[in-house]
1. State whether one or more residues within region 44-58 are within 21 Å of Thr103 (Cβ to Cβ), surrounded by 23 or more Cβ atoms within 10 Å (Cβ to Cβ) and under 28 Å from the mean Cα position of the chain (by Cα).
2. Grab the helices (runs of 4 or more DSSP H) fully contained in region 167-252, keeping just those with 1 or more residues being of a type in the set (Ser, Thr, Tyr), in contact with a Pro (Cβ under 9 Å, 6 or more places away or on another chain) and more than 30 Å from Asn356 (Cα to Cα).
3. Going by the structure shown, is His329 farther than 30 Å from Ala214 by Cβ, without any contact (Cβ under 8 Å) to a residue 60 or more places away in the chain, within 24 Å of the chain's Cα centre (by Cα) and surrounded by 16 or more Cβ atoms within 10 Å (Cβ to Cβ)?
4. From the list Val378, Val390, Val374, pick out the single residue that is under 18 Å from the mean Cα position of the chain (by Cα) and either modelled with pLDDT of 75 or more or within 30 Å of Leu325 (Cα to Cα) (or both).
5. Just to be sure I understand, how many residues within region 252-273 are open to solvent by 20 Å² or more (accessible area, probe 1.4 Å) and under 22 Å from Ser185 (Cβ atoms)?
Amino acid sequence: MADLRLLLVDDERIALDNLADALDGQGFVIDTAPGGEAAQVAIRRGQFDLVITDLRMPGVDGLAVLASALERNPDTLVILLTGHATVDTAVTALRAGAYHYLTKPYRLEELRAAVAGARERLLARRAARAEPPAVSSGPIVTCSEIMQRVLATAASIAPSESNVVILGESGTGKELLAREIHRLSHRHDRPFLAVNCGALNEELLDSALFGHEAGAFTGAVKARRGYFETASGGTLFLDEFAEMSPAMQVKLLRVIENREVLPVGAERPRPVDVRLVVATNRSLEREVAEGRMRRDLYYRVSVVTLELPPLRRRKEDIPLLAQHLLRRHGEASGRKVQGFSDAALELLMAYDYPGNVRELSNIIERAVLLTEGVSIEVGNLPDNLRRLRVTMPASAAMASLEDQEISAIKRALAETGGHRGRAAELLGIDRVSLWRKMKRYRIDA
């Protein structure tokens, strides 16, 4: 990945040198320009990811540098520094497209926090535009270290015959992981069948898993093989495994121990050869401790346990997943949507996804259907995401800069339910800077 480039602009050489020293090691290749005219020359000659410029300079001022930078590259982020801060100039700068502004004398931690926030935004843009790296030839898209560890473990145990438990919140992709284990196993050319144990009552689940003979119960007009027989030689995936009744747990334990099933109404058992992969969003250890899960069954199925992290713990995957889902839903609907606006991507990154990847998929599918252009915009996203956006209202021009900052912090905390990490992301600062500002202004979460 190419280095991020930063242009520093100030007509005072001492101030420029101090600025360069303060930002050394912050993840940018730094260029300097001793004034607005020199900055415009540098901008014409090269492309910068971030520009930090003094506002008041003789000749070409900071607003002119801002305009030149955005004309050269609309994706450039610009931070304005001013020792003559007024509400009018700050609002004018933000409306003209500035990413952020700081008043002189600025605090180093505030400057570095603003630069760090800009860097995160720039890297998120790059990730969204990049082709997702394939960590396997399967369907699971990820670049996060935590998911790659899960996939590596899954690949190492796939060739074995051991039963597997997959833990994870709803929507994290437990069935996808089960299919990946099957694909990498010696059973890959045999059936993979999935059944949701929580979607069927006990009688229907009994028949679905173990089969039945004709006349075994009302409506059983002909014999039917169950999933265990149909999947014989392959893999059977039992989702919502912890929803099984105690009676069904006993029957399942017998199948695992004896490797045979007794269909409802049958007189003799039938041999089966199935690898079992089960999934649940509950703690099986707690289910055992509280008497809802048989201990012997738990030990039989949990030879290997894999835990899928929620999407909020691997947010670096969001740009890759969003682009992958965009292509998939775009092809399915026949719409040629190519990407996301920066603002839309930032909202997708800020959200915590209680429904995990499944919820992200629904959001992208909806956005694809709603957009009329070639990219997903903020207006195409659901209201609950758009409410996360913290913006400066036009009426802010009547308040002091300090009042605006206090108001922005309170809005961010309110929109995120007091979650300081997410509030800091919305404000473009790090958690330490937010904590200091809250302490300074005596703001409670």
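1. So far as region 44-58 goes, yes, one or more of its residues are within 21 Å of Thr103 (Cβ to Cβ), surrounded by 23 or more Cβ atoms within 10 Å (Cβ to Cβ) and under 28 Å from the mean Cα position of the chain (by Cα).
2. Details: elements: 174-183, 202-210, 227-230.
Fully inside region 167-252 and qualifying: 202-210, 227-230.
3. Details: farther than 30 Å from Ala214 by Cβ: yes; without any contact (Cβ under 8 Å) to a residue 60 or more places away in the chain: yes; within 24 Å of the chain's Cα centre (by Cα): yes; surrounded by 16 or more Cβ atoms within 10 Å (Cβ to Cβ): yes.
Here the answer is yes, as His329 does meet what is asked.
4. Working: Val390 fails: under 18 Å from the mean Cα position of the chain (by Cα); Val374 fails: under 18 Å from the mean Cα position of the chain (by Cα).
Criteria check complete, one pass: Val378.
5. First, pick out the residues of region 252-273 that are open to solvent by 20 Å² or more (accessible area, probe 1.4 Å): 254, 256-260, 262, 264-271, 273.
Among the residues that remain, those that are also under 22 Å from Ser185 (Cβ atoms) are: 256-257, 259-260, 271, 273.
So the answer is 6.
Condition check ((1) hydroxyl-bearing (Ser, Thr, Tyr); (2) open to solvent by less than 40 Å² (accessible area, probe 1.4 Å); (3) in contact with a strand residue (DSSP E or B) (Cβ under 6 Å, 6 or more places away or on another chain); (4) modelled with pLDDT of 80 or more) across all residues:
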{"site": "Ser341", "(1), (2), (3), (4)": "yes, yes, yes, yes"}
{"site": "Leu347", "(1), (2), (3), (4)": "no, yes, no, yes"}
{"site": "Asn362", "(1), (2), (3), (4)": "no, no, no, yes"}
{"site": "Arg366", "(1), (2), (3), (4)": "no, no, no, yes"}
{"site": "Gln404", "(1), (2), (3), (4)": "no, yes, no, no"}
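The values are calculated or read from the model by the stated rules, or taken from the named source; none is laboratory data. All of these numbers come straight from a predicted model, not from anything done at the bench. We place every Cβ from the backbone using ideal geometry, glycine too, and count neighbours over all the protein chains shown. For accessibility, only protein heavy atoms count, side chains too; no ligands or nucleic acids. Shrake-Rupley method; radii C 1.70, N 1.55, O 1.52, S 1.80 Å.
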